[in-house]
Amino acid sequence: MARVSQEHLDARRRQILDGAASCFARNGFHATSMQDVLKEVDLSAGAVYRYFSGKDELIAAIVTEVLDTVRGIFERAALESPPPTPDVLVPRTLTQMRELRPATLDGEWMFPRLMIQVWTETTRNPELAAVLGEGYRSVRVAWGKIVESYKDAGLMPADADADAMARTMIALVQGFATQMALFGGVTEQLLGDGLRALMSVHSAA
């Protein structure tokens with residue numbers, strides 16, 4: 001029997017994850033059955049269950065992959081000299097995510113809709129909440145490294161709270177993604193312009 005290459009296995013896993021993500025974004029987690037996923041990816045049950053035992057494993061894998069990708073982008077940004085400022089880094093990160101996961105639903109980028117479905121499921125799924133929580137902690141740590149790079153470059157006060165800034169920037173991206181999912185018509189450029197405007201505000205002397 002011919003041995004299946006790792007490249008083939010990875011491509012099949014990617015096919016399943018992308019198909020499941022489309023189903024979850026379109027119909028929600030609970031309204032999506034494994035049969036829906038099988039139909040979406042056009043594979044047999046045996047082919048899919050070789051990789052994932054069910055919906056819980058699928059959504060956990062999707063969440064882990066996305067947050068690992070975001071963390072990696074931020075960690076690389078922290079090594080740049082000087083590090084990109086938030087008005088550059090945040091839109092750039094979203095652009096890279098769109099390039100990596102370009103799938104659309106109803107003409108809009110699918111990823112923000114998927115995020116909302118994941119958040120909803122997290123409120124009633126302790127296992128997924130643990131996966132998401134760990135992922136967000138790793139992203140906060142990566143943002144903390146960027147803040148330290150800002151300090152080293154003289155772009156921020158030495159006593160700036162890295163974790164507070166990390167939480168604020170994550171909240172900003174979450175809010176922006178929510179607008180994209182619910183209303184559409186917003187772009188990464190709009191986010192960058194808004195961030196630049198905020199960064200131009202100075203405290204009264």
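The values are calculated or read from the model by the stated rules, or taken from the named source; none is laboratory data. Treat the numbers as computed from the prediction; the structure is a model and nothing was measured. Here the Cβ is made from the backbone with ideal geometry for all residues, glycine too, and neighbour counts use every protein chain on show. To get the accessible areas, we keep the full protein, side chains included, count just its heavy atoms, and leave off ligands, DNA and RNA. Shrake-Rupley method; radii C 1.70, N 1.55, O 1.52, S 1.80 Å.
Points to keep in mind about this one:
- Residue within the stretch 85-102 that is polar (S, T, N, Q), farther than 15 Å from ALA166 by Cα and at pLDDT 90 or above present: yes
- Hits in the stretch 129-159 - residues which are open to solvent by less than 40 Å² (accessible area, probe 1.4 Å) and hydroxyl-bearing (Ser, Thr, Tyr): SER138, SER149, TYR150
- Looking across the stretch 23-48, the residues that are within 20 Å of ASP106 (Cβ to Cβ), free of Cβ contacts under 8 Å to residues at least 24 places away in the same chain, open to solvent by 30 Å² or more (accessible area, probe 1.4 Å) and not small (Gly, Ala, Ser) come down to ASN27, ASP36, LYS39, GLU40.
- Failed condition for LEU191, given (1) aliphatic (A, V, I, L, M); (2) assigned to a loop (DSSP other than H, G, I, E, B); (3) out of contact with any Lys or Arg (no Cβ under 6 Å at 6 or more places or on another chain); (4) at pLDDT 90 or above: (2)
- Scanning the stretch 120-140 for residues that are without any contact (Cβ under 8 Å) to a residue 12 or more places away in the chain and not charged (D, E, K, R), we see that the one that is nearest to GLY72 (Cα to Cα) is GLY133.
- Looking only at residues in the stretch 67-120 that are among the aromatic types (Phe, Trp, Tyr) and touching a Lys or Arg at 6+ places or on another chain (Cβ under 9 Å), the one that is surrounded by the most Cβ atoms within 10 Å (Cβ to Cβ) is PHE74.
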